[in-house]
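The values are calculated or read from the model by the stated rules, or taken from the named source; none is laboratory data. Just so we're clear, the structure is a prediction, and the values are computed from it rather than from any experiment. Cβ sites come from the backbone with ideal geometry, for glycine too, and all protein chains shown count toward neighbours. Areas reflect the complete protein model, heavy atoms only, side chains present, ligands, DNA and RNA absent. Shrake-Rupley method; radii C 1.70, N 1.55, O 1.52, S 1.80 Å.
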Amino acid sequence: MTLHFDEGDELRALRAAVADLGSRYGQPYFLEQARSGGRTDALWAEAGKAGFLGVNLPEEYGGGGGGMVELSIVLEELGAAGCPLLMMVVSPAICGTVIGRFGTDEQKQRWLPGLADGSSTMGFAITEPDAGSNSHEITTAARRDGDEWVLSGQKVWISGVDQADALLVVGRLADGPRGTLRPALFVVPTDAPGLAAHPIPMEIVSPERQFQVFLDDVRLPADALVGHPDQGIAQLFAGLNPERVMAAAYSLGVARLAMAKATDYARTRQVWGTPIGAHQGLAHPLAACRIEIECARLMTQKAAWLIDAGQDAGTAANSAKYAAAEAAVHAVDQAIQTHGGNGLSQEYGVAALLTMSRVSRIAPVSREMILSFVAQHDLRLPRSY
Amino acid sequence: MNIVVLVKQVPDSGSERKLDPADNTVARASADNVINEMDEYAIEEALLVRDREGGEVTVLTVGPDSATDAIRKALSMGADKAVHVVDDAIHGSCAVQTSGVIAAALQQLEYDLVLCGAEATDAQLSVMPALVAERLNIPQLSGARKLTVEGGMAKIERQTDGGYWAVEAPLPAIVSTWDTINEPRYPSFKGIMAAKKKPVETKTLADLGLDAGSVGLANATSKVLDFAGRPPKGEGVKVVDEGDGAQKFVDFLASQKIV
């Protein structure tokens, strides 16, 4: 009988090493890039060189040979240090997992080493204006033309297209005269003729920008289709649970940073001769946030472990994502309240976390979609959609 | 080039540190123990010298079982192997005794260069390089902010308040480093995974041919008789400006040697 919650020496060392790297950049660097329209390429490159971005990818393709347990630790620690790298959610976690599990040998050789060392970045394009969270209604379609695919459609809320060398686009096959459609994933270079990306102005303080992407008869070679066309659904689900775990890790990092700022302030800020943290009006909500964060962290670790063990991680990954998002929203809100007016100043870096934490309730899957999923799958309640 | 780095595990200087009232030694069990910060610069310098000159970096530490964490950190940064001297009899040893243990361990190793941090954040005695150099009859170059190794010589810029001295000595020599010498690397993922496969040799006093009576609290050359916590911060100085505020302010700064 073995059940233990000790991460062990290597994972602890990984946390410490990533935290060390993150602290060398820190939130000031991150915010400066975000506010000046800059990018966190220097941190991305350094994290890639140290092997942190590819910890989950196979060793034979330049990765670390670990899994989502390791990768989620990397993102959480970078976030806690003030510089979460959002593209980790898509490039190594979704795209790396899908190509690593379903890609042909040539596709793995072409993409994984770059994704592992950070020298190339791949975005993920699934959401469409008319489909929203309903990936069954995707209309982006590829038709065959000789040796090539011709891909057309429209995507929205695509992160970091300007940072990405390619996008993993979820489309369908327009299959012969009967017109039936099947999901299929394509690797599309971001400089492909016919691909246009337009940034969406957002209030999120983050160097990663959001884009609308238009695919207008984009011609792709035959091997742009990942793996076998019959595996589209399996590929999608293989990528989405890691995405949820990474979204949870992102939220946990934000939550921990907010808590570190809040508790530091509550310990040192004195009014009427007493540190404000001595008052239960501030101490109790912060303690409640701490409990939420630790619970969300446990579920995130469990979900990552289930994915790595090849077990069904759907409920755990969604629960982790839900719990971590709630923990982040509550922690950031309470951190602002703890700081009073300073909480909304730029100097303290707390308000900058506000929209970031709020995003986590919406993307990549909304709180409501998760609750519907759990209601239907775990509570066996009637489906609502 | 065989390089040995002396590494010490200490209570984290960023956390509250205590002495154990039972025997007035550093309370390690309750502390957040980490690798001595200054030693990380020595490790980094050793790795840089090795990468230029070739050879091997061996980490040498004297400390309890828990010091394996410090060893693992050094190995994950890239050191090749480690020697861990662990023996309950060493507990409470003074600097002079500890230098004897380190010297005995070094004599069982091949070394051209011994590197160590210029001070440890727990005791802050900064005497270890001199003690070890004396015991081994090798030169010490202390307080380096720059190190070059060429032609069988170690050359350092020895950091001083006003600048530096250029000092050199023939190898083998012991060099202590300040935090101005480099920027220590953080372990890569490969480094972390490789660390667990690197050899760590554990040695007891008997393995070093030392008698337990030569070390330990009971036989130490110095003893901590008593200790007290830092007194609480007093009230600050309040200066009332009666037209001479600026002068008083400058006088205060001058009295604190700030201006």
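Some notes on this structure:
- Conditions (1) within 14 Å of chain A (Cβ to nearest Cβ); (2) farther than 30 Å from B:Val4 by Cβ; number of the one not met by B:Val250: (1)
- Looking across segment B:181-197 at every residue that is open to solvent by less than 50 Å² (accessible area, probe 1.4 Å) and assigned to a loop (DSSP other than H, G, I, E, B), the one that is farthest from the other protein chains (Cβ to nearest Cβ) is identified as B:Ile181.
- Annotation: A:Ala45 fulfils all but one of (1) aliphatic (A, V, I, L, M); (2) surrounded by fewer than 24 Cβ atoms within 10 Å (Cβ to Cβ); (3) more than 20 Å from the chain's Cα centre (by Cα); (4) within 14 Å of another protein chain (Cβ to nearest Cβ); the unmet one is (3).
- Flag if A:Ala331 is in contact (Cβ under 8 Å) with a residue 12 or more places away in the chain and out of contact with any Leu (no Cβ under 9 Å at 6 or more places or on another chain): no
- Residue list for segment B:43-74, restricted to those being under 16 Å from the mean Cα position of the chain (by Cα) and more than 17 Å from B:His84 (Cα to Cα): B:Glu44, B:Glu45, B:Ala46
- Residues of segment B:1-34 classified as closer than 20 Å to B:Ala120 by Cα, free of Cβ contacts under 8 Å to residues at least 40 places away in the same chain and part of a loop (DSSP other than H, G, I, E, B), total: 11
- Lone unmet requirement of (1) within 20 Å of A:Ala249 (Cα to Cα); (2) open to solvent by 40 Å² or more (accessible area, probe 1.4 Å); (3) assigned to a loop (DSSP other than H, G, I, E, B) for A:Val350: (2)
- Residue check: A:Arg367 meets all listed conditions (1) touching a residue at least 40 places away in the same chain (Cβ under 8 Å); (2) under 20 Å from A:Arg290 (Cα atoms); (3) of a type in the set (Lys, Arg) but one, namely (2).
- Candidate set: segment A:13-29, residues that are in contact with a helix residue (DSSP H, G or I) (Cβ under 9 Å, 6 or more places away or on another chain) and more than 9 Å from chain B (Cβ to nearest Cβ); chosen: the one farthest from A:Ala351 (Cα to Cα): A:Arg15
- Odd one out for A:Gly277, checked against (1) buried (at least 22 other Cβ atoms within 10 Å of the Cβ); (2) touching a Leu at 6+ places or on another chain (Cβ under 9 Å); (3) in a helix (DSSP H, G or I): (1)
- Residues that are open to solvent by 50 Å² or more (accessible area, probe 1.4 Å) and among the charged types (D, E, K, R), drawn from segment B:145-180: B:Arg145, B:Lys146, B:Glu150, B:Lys155, B:Arg158, B:Asp161, B:Glu168, B:Asp179
- Flag for A:Glu60 being more than 10 Å from every other protein chain (Cβ to nearest Cβ), within 20 Å of A:Leu252 (Cβ to Cβ) and out of contact with any Pro (no Cβ under 8 Å at 6 or more places or on another chain): no
- Within segment B:198-208, restricting attention to residues that are open to solvent by less than 60 Å² (accessible area, probe 1.4 Å) and either in contact with a Leu (Cβ under 8 Å, 6 or more places away or on another chain) or not β-branched (Val, Ile, Thr) (or both), the residue that is nearest to the other protein chains (Cβ to nearest Cβ) is B:Lys198.
- Residue within segment B:211-234 that is open to solvent by less than 70 Å² (accessible area, probe 1.4 Å), hydroxyl-bearing (Ser, Thr, Tyr) and at pLDDT 95 or above present: no
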